[in-house]
Amino acid sequence: MYGKDVMVIFLGVIITLVALVGAFEGGIPKGMDDDDGGGGDVEWRVETFSFNPILGHSTENSQSVEMVTIEEDISKLTEVRFTLTWDDEDDAEVSPGPIGAITLTNRPDQFALEIVTPWGDSQMTDYVYNEYDKEGLVSIVLPFNGQTIEADENVWEVVILCGECGDQVGRTGTYSEDDGGNSWRLFVEYDFLAN
């Protein structure tokens with residue numbers, strides 16, 4: 001009798017372990033972690049909404065504020081992205097006097113971006129210079145864990161900070177022209193789960 005009891009207990013432990021391993025391997029069945037009542041086979045996919053670009057111009061050592069409003073409830077928000085880009089002016093050719101035409105090299109401009117969430121949290125990038133003759137870019141990505149955000153609490157403050165705007169400078173450095181600011185483009189988009 002003792003041997004049969006041990007064998008039954010041993011088999012019971014093995015069956016329990018197999019069932020537990022199978023449950024963990026399969027994870028949570030589809031639909032059980034969703035807000036649809038828990039019974040369905042809901043397939044979630046990530047969708048992106050992009051705003052039309054916001055265009056603006058900033059002068060050197062200034063800031064511009066844009067209020068971005070998402071005018072609808074967003075359920076299952078996963079990420080909000082803010083991207084600021086700018087193109088510095090081309091090099092210029094000028095004729096400042098009797099010496100004739102000279103080419104001025106445009107030095108890079110500097111921008112930063114700050115985001116204030118609807119809840120008052122803020123995040124800011126460092127100031128960044130564009131590379132010579134290339135587009136400048138700063139970006140802030142705010143991750144979310146699929147929460148719902150109501151439309152009445154969905155106003156985001158975006159602060160565009162313009163720092164130093166590099167002047168147009170001649171080859172010898174003896175002649176320059178002031179660069180007082182730059183135009184920019186702000187792109188806003190968010191990802192959410194949809195079924």
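The values are calculated or read from the model by the stated rules, or taken from the named source; none is laboratory data. Computed from a predicted model, the values in this text were never measured in an experiment. No Cβ is skipped: glycine too gets one built from the backbone with ideal geometry, and neighbour counts run over all protein chains shown.
Of the residues that make up the range 104-111, is at least one in contact with a strand residue (DSSP E or B) (Cβ under 7 Å, 6 or more places away or on another chain), modelled with pLDDT of 95 or more and either small (Gly, Ala, Ser) or not in a strand (DSSP E or B) (or both)?
Within the range 104-111, none of the residues are in contact with a strand residue (DSSP E or B) (Cβ under 7 Å, 6 or more places away or on another chain), modelled with pLDDT of 95 or more and either small (Gly, Ala, Ser) or not in a strand (DSSP E or B) (or both).
I need a count of the residues in the range 114-168 that are acidic (Asp, Glu) and over 20 Å from SER183 (Cβ atoms).
The number of residues fulfilling the criteria is 6.
For the range 120-143, how many residues are farther than 13 Å from THR85 by Cα and either touching a Lys or Arg at 6+ places or on another chain (Cβ under 9 Å) or outside the structural domain of ASN106 (by TED's automatic domain parsing) (or both)?
Looking only at that region, the number is 3.
Within the range 142-157, can you find the residues that are in a strand (DSSP E or B) and loosely packed, with under 11 Cβ neighbours inside 10 Å?
PRO143, ASN145, GLN147
Please pick out the residue among ASP191, ASP126 that is modelled with pLDDT of 80 or more and assigned to a strand (DSSP E or B).
On inspection, the qualifying residue turns out to be ASP191.
Tell me which residues, restricted to the range 23-75, are at pLDDT below 90 and of a type in the set (S, T, N, Q).
Passing the criteria: THR69, SER75.
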